[in-house]
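A short worksheet on the structure shown next.
FYI, it's all coordinate maths here, none of it is from the lab. Since we're looking at a predicted model, the values are computed, not measured. Don't worry about glycine lacking a Cβ; one is built from the backbone with ideal geometry, like all the others, and counts go over all protein chains shown.
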């Protein structure tokens, strides 16, 4: 199957997502789920292409397949880049790890992999409500910090 290399044009205020899934069926499901949430989406076929996108734009949601480009969680360059983003960028992103070795909504696994949310491949069809809840939770968590940074002129 062919990949759908998607590159939507972003306008200020758009919800943006980067989908890093190299299994075409999973990529299509994830894109469909986030499109229904009104996200503008970028996808990539190669690690270098996605790394450039990660470094050049602060996406609202970044979804990374645990085995992208035949890697594992420990050696995944996309996951490593996403979790090492500067704090001011990372606070604005929701990083989601998708794979068969994780349990959906397992907070301990999310903490272990330094992501905001983990989703098992079996639950990808239900990604929309899971991601929506994770984003709301993240916004609520960071709200006091964002207010304080804004008050002192650092936001």
Any chance you could give the angle, 0 to 90 degrees and rounded to 10, that helix 127-151 forms with the longest Cα principal axis of the chain?
30 degrees
Helical mean residue ellipticity (222 nm; -39500 (n - 2.57) per DSSP H run of 4+; nearest 500) of the chain
-12500 deg cm²/dmol
Of the residues 29, 64, 135, which exhibits the maximal mean-square fluctuation in a Gaussian network model of the chain defined by a 10 Å Cα contact cut-off?
29
Let a ≥ b ≥ c be the square roots of the eigenvalues of the Cα gyration tensor of segment 1-91; is it rounded (a/c under 1.5), or, if not, prolate (a/b larger than b/c) or oblate?
oblate
Give the calculated FRET efficiency between residue 143 and residue 111 to the nearest 0.05, with a Förster radius of 30 Å applied to their Cβ-Cβ distance.
0.90
Take every DSSP beta bridge whose two residues both sit in the chain, then give the antiparallel share in percent to the nearest 5.
5 percent
Largest fluctuation, 77, 129, 86 only, Gaussian network model of the chain with Cα springs under 10 angstrom, belongs to 86
Connecting every pair of Cα atoms under 10 Å apart in the chain and solving the GNM, the largest mean-square fluctuation among 13, 99, 44 falls on 13
By how many degrees, 0 to 90 and rounded to 10, does the Cα axis of helix 24-35 deviate from the longest principal axis of the chain?
30 degrees
For helix 47-56, what angle does its Cα long axis make with the longest principal axis of the chain, in degrees from 0 to 90 and rounded to 10?
20 degrees
Overall form of segment 15-151 per C-alpha gyration tensor (a/c, 1.5; a/b vs b/c)
rounded
